[in-house]
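The values are calculated or read from the model by the stated rules, or taken from the named source; none is laboratory data. Computed from a predicted structure; not experimentally measured. Don't worry about glycine lacking a Cβ; one is built from the backbone with ideal geometry, like all the others, and counts go over all protein chains shown. SASA here: full protein model, heavy atoms, side chains in, ligands and nucleic acids out. Shrake-Rupley method; radii C 1.70, N 1.55, O 1.52, S 1.80 Å.
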Amino acid sequence: MAESEFKLGQRVHSAGDPRRIGTVAYVGPVQGYSGVWIGVDWDNGDGKHDGSINGVRYFHAKSERSSSFVRAHNLSSGISLLEALRLRYQGDTTKEEEDEMYVLSASNKRVSVELVGKDKIQDKLSRFEELTGASLSFLGVSSPGSSPCDIGTVLPNLKELDLTGNLLSDWKDVGTICKELPNLAALNISYNLLAQDIFGLPQLKSIRILVLNYTGVNWAKVEVLKYSLPAIEELHLMGNNISTIDPPSFLTVHGFDSLRLLNLEDNCIADWIEILKLSQLRSLEQLHLNKNILNRIFYPDNDMIGELSIASELHEKSDEPFQNMRCLLLGSNNLQDPASIDALNSFPKLVDIRLSDNPILNIPRFVLIARLEKVEILNGSEVSIRERKESEIRYVRLVMSKLQGNLEDIRQLHPRFAELKKIHGIDDEKPSTGVAGPQKMASGLLSITLKCVGASIGERSPLTKKLPATTTVGKLKILCESFFKLKSIKLKLFLQEEGSPLPIMLDDEMASLMDVGVGNDSTILVDEES
């Protein structure tokens, strides 16, 4: 490609390495060097400078060492979609390339696509009409080609297309590709840096799944896109630095009548008010908010519901907020207040909840289950009927052991406490020594398995011991020194709960086993201080 053909803002990749992608930021001479140079700001930040050399600034790169000057012959402006198709499926492929041939399923997982002609046919190109799914990731696709109509002729039955990590930047090109593939239902264009303005996008009535992860798409673009996506069911918007959700003319987002799954993971949303703007999406069943910076959750009261719907175009009565949402993923946020857990009970159909990797996760799993009335899947692990019953009884006993203050304070701190006492028939008085089952477990002996995991402790067989529920964490550490004959080793203990991704550190030495959530048949890991 001639030097003059490179333009500012153009997406390019390093010749011979389509995974090294960048944006042209300068075309012209460089002082002290002959000829024309192309200044490229690399996506991966792997460059040599910030756009200046020897005190002369030619452009401003995104970081101190993300850009470099390159000769034109060392860059590629990309290839057409059909060229990439032939390159991927006609040429010889390595095992690594074959492993990359996938599309995203409804749950955003990789699903391998058929390798056309690898062992089945000789004339591979003549059988492209059989292809229903194709992965053309990181091949330098930059356009639909000079004859876009050929796309539909060659790929008449294509339903799933993965164009991750290519050089597409013009929404018009995306629209052209989709228009020529009338059966296309799933499109992944993640890691393509798309233009700020959306022009030339036709109605894409067949698209059900659209993946726009790490494309620079903000919510304003999403609002424009929705008019071209009348049948969209899944929309993935990970990693786009989205911090606000701004409907153009309402206080809540409208439209998206078929949208069942919205993925906003790995963004910058801090205020739950932004999420409430999604509360009127009637078909929304799954909302993925992992890896944001949310610090609280609450369900809107009647006054707030009225405020959210006041700008409705027809001034109709608002629907129940999040009326069909069944799955809410909130892992790796900044949730700290137990009231946020209790608020989840107000969501009418919410049964699948992820709260892992939040400050609030110092709370044991059994407490979370007891506080979450309807949860059926917690942090990816199913909550069985038995686990729910045991968790609720343990929780009631834990609260009873710490009862202080008036009843109103208790109700505020533990909204389900009175209800759970009634459900499980637990009286206020302490159980007698003759009472069996969970009540005896709370104040009697607990069967606990102790496992050594410390590197310098050495391999030792697990021990199962019966200990009073009133045994303190500090006392248990002393007992472990005796049980395992550990001298001069400072211990730390962890409660390993079934279904929890990480064990919970028991760091309050004055707390009893019952206080920290240790129940019958619990496993405690014995580690050493680092």
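Identify, by number, the condition in (1) touching a residue at least 40 places away in the same chain (Cβ under 8 Å); (2) open to solvent by 40 Å² or more (accessible area, probe 1.4 Å) that K490 doesn't meet.
The one condition K490 does not meet is (1).
Being at pLDDT 95 or above, closer than 27 Å to L181 by Cα and not hydrophobic (A, V, I, L, M, F, W, C): is that true of S228 here?
no
Can you find a residue that is at positive phi and open to solvent by 10 Å² or more (accessible area, probe 1.4 Å) anywhere in the stretch 137-149?
yes
State the number of residues belonging to the stretch 125-136 that are in contact (Cβ under 8 Å) with a residue 12 or more places away in the chain and either open to solvent by 30 Å² or more (accessible area, probe 1.4 Å) or closer than 15 Å to L163 by Cα (or both).
Counting residues in the stretch 125-136 that are in contact (Cβ under 8 Å) with a residue 12 or more places away in the chain and either open to solvent by 30 Å² or more (accessible area, probe 1.4 Å) or closer than 15 Å to L163 by Cα (or both) gives 8.
Have a look at I293, I269 and point out the one that is assigned to a loop (DSSP other than H, G, I, E, B), modelled with pLDDT of 95 or more and open to solvent by less than 10 Å² (accessible area, probe 1.4 Å).
I269
Do we find that G22 is at pLDDT 90 or above and either buried (at least 20 other Cβ atoms within 10 Å of the Cβ) or under 28 Å from the mean Cα position of the chain (by Cα) (or both) in this structure?
Yes: the conditions hold for G22.
Which residues, taken from the stretch 4-37, are in contact with a helix residue (DSSP H, G or I) (Cβ under 6 Å, 6 or more places away or on another chain) and part of a strand (DSSP E or B)?
Listed by number, the list holds a single entry, V36.
Does the stretch 221-228 contain any residue that is in a loop (DSSP other than H, G, I, E, B) and open to solvent by less than 10 Å² (accessible area, probe 1.4 Å)?
Scanning the stretch 221-228 turns up no residue that is in a loop (DSSP other than H, G, I, E, B) and open to solvent by less than 10 Å² (accessible area, probe 1.4 Å).
Among the residues of the stretch 349-390, which ones are within 21 Å of H414 (Cα to Cα) and part of a strand (DSSP E or B)?
I353, R354, L378, listed by residue number.
If you check N213, N166, N183, which single one turns out to be part of a loop (DSSP other than H, G, I, E, B), open to solvent by 10 Å² or more (accessible area, probe 1.4 Å) and within 20 Å of Y89 (Cβ to Cβ)?
Residue meeting the stated conditions: N183.
Identify the residue in the stretch 324-341 that is part of a loop (DSSP other than H, G, I, E, B) and within 19 Å of R416 (Cβ to Cβ) and, among all such residues, is modelled with the highest pLDDT.
Among residues in the stretch 324-341 that are part of a loop (DSSP other than H, G, I, E, B) and within 19 Å of R416 (Cβ to Cβ), the one modelled with the highest pLDDT is L335.
Mind telling me which of the residues M510, M505 ends up being under 31 Å from the mean Cα position of the chain (by Cα), surrounded by fewer than 19 Cβ atoms within 10 Å (Cβ to Cβ) and either more than 24 Å from S391 (Cβ to Cβ) or without any contact (Cβ under 8 Å) to a residue 40 or more places away in the chain (or both)?
Result: M505 is the single residue among M510, M505 that is under 31 Å from the mean Cα position of the chain (by Cα), surrounded by fewer than 19 Cβ atoms within 10 Å (Cβ to Cβ) and either more than 24 Å from S391 (Cβ to Cβ) or without any contact (Cβ under 8 Å) to a residue 40 or more places away in the chain (or both).
So which residues in the stretch 147-201 are under 22 Å from the mean Cα position of the chain (by Cα) and either of a type in the set (G, A, S) or farther than 17 Å from S137 by Cα (or both), if there are any at all?
G165, A186, S190
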